[in-house]
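We did not get these values from a lab; they are worked out from the coordinates using the rules stated. Remember, it's a predicted structure, so these values are computed and weren't measured experimentally. Because the Cβ atoms are built from the backbone with ideal geometry, glycine has one as well, and the counts that use them run over all protein chains shown.
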Amino acid sequence: MAIILGIESSCDETAAALVSDDGRVLSHRLAGQEAAHRPFGGVVPELAARAHVEMATPLVEAALADAGLTLSQVDAIAATAGPGLIGGVMVGLMTGKALAHAAGKPLIAVNHLEGHALSPRLADRDLRFPYLLLLASGGHCQLLLVRGVGDYARLATTIDDAAGEAFDKTAKLLGLGFPGGPAVEAAAREGDPKAVKLPRPLVGTAEPHFSFAGLKSAVLRARDAGIHRSADIAASFQQAVVDCLVDRTRRALDRAEGATALVVAGGVAANEAVRTALAGLAGDNGLRFVAPPLWLCTDNGAMIAWAGAERFAAGLFDGMETPPRARWPLDPTAEKARGAGVKA
């Protein structure tokens, strides 16, 4: 049995976890930064990086203690090497390198997106390749055919904002607080999803790409009109996002050759309305539906440790020269979607 230490620091969560290659989470520790960033309505990269510096080593020590292990009993060190806020990525990767060097252990540089992409296999050990993955988070919104560890075909991406980014911006526009995803979801429970007419960008188009910038602008206009409750705007916005995600995913199904499961991962996967709608889509098309537990949807160290375990089993290791990356596509051969911004 191999045990992997995972370190995550790509945005505003510092996390460390120990996971065995048979899928047992031996320990996981996480330090959030919500209080530090809440006054600014979003993540401030410099503040995030400083917090990672303060918390990375103590969290690793705590995770080891929780598991009753020493570093010498760990088989490999997995650390996020990107994509993400470069300051935070540097902190986590350098911590991982230092530990690997000091303990004489292999280093596994994990793509943060691969952590999300493989996390459903930690939650559901019966999930087999290939599967169609909707990866929806604050920084990314993609449809991927996951064919194996390190083998991804990107079928669609966002041409502007990511779904999670749209949730965050809508929360800020409506004064709902930070982080935006849970705040909008909570407000939506008190609202009418049919109260405000909002657009469904790209719905019905042939290519299954996403777009959320126009939806965000429509929310701003609805707010400024002053005739709708914030809860109604939030509910209508959430329903529009769900409709977009379902339509685009449905469009990608005929391109997902061999897939027997529809999988959702990333922070947006924690949204109950999103999960329910995608489960219905999967059922309508004879597919299994797999979604990680809520704690595994948002950034965490266990998903990085598990991706490390998958790569460890495949014999995929990295050298100390591995650089941190702000951008790192899972499918480097994918063509850039027309109009796509830096997050594509």
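Numbers for the structure displayed
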read-out	value
Prolate/oblate/rounded label for segment 112-188 (Cα gyration tensor, a/c 1.5)	prolate
Dipole axis of the chain (+1 Lys, Arg; -1 Asp, Glu on Cβ), positive-most option in L64, A218, P324	A218
Where a label projected 7 Å from the Cα of S217 along Cα→Cβ would reach, residues of segment 158-202 with amide N under 16 Å	159-162, 166, 170, 198-202
Gaussian network model of the chain, springs between alpha carbon atoms under 10 Å - residue of G315, G42, G191 with greatest fluctuation	G315
Distant-in-sequence amide H partners of L26 (H built 1.01 Å from N, under 5 Å)	L18, V19, S20
Chymotrypsin sites (Phe, Trp or Tyr not before Pro) restricted to DSSP loop in segment 263-344 with at most 12 other C-beta within 10 Å	none
Helix-only mean residue ellipticity at 222 nm for the chain, each DSSP H run of n ≥ 4 adding -39500 (n - 2.57), per residue, nearest 500	-13500 deg cm²/dmol
Rounded Å value of the spacing that divides the Cα centres of segment 100-129 and segment 19-55	18 Å
Loop sites in segment 11-94: trypsin sites (Lys or Arg not before Pro), DSSP, at most 13 other Cβ within 10 Å	R24
Karplus-derived 3J(HN,Hα), 6.51/-1.76/1.60, for each residue of segment 205-212, Hz, glycine and proline x	7, 5, 7, x, 6, 10, 8, 10
GluC sites (Glu not before Pro) restricted to segment 177-264 and DSSP loop, no more than 11 other C-beta within 10 Å	E257
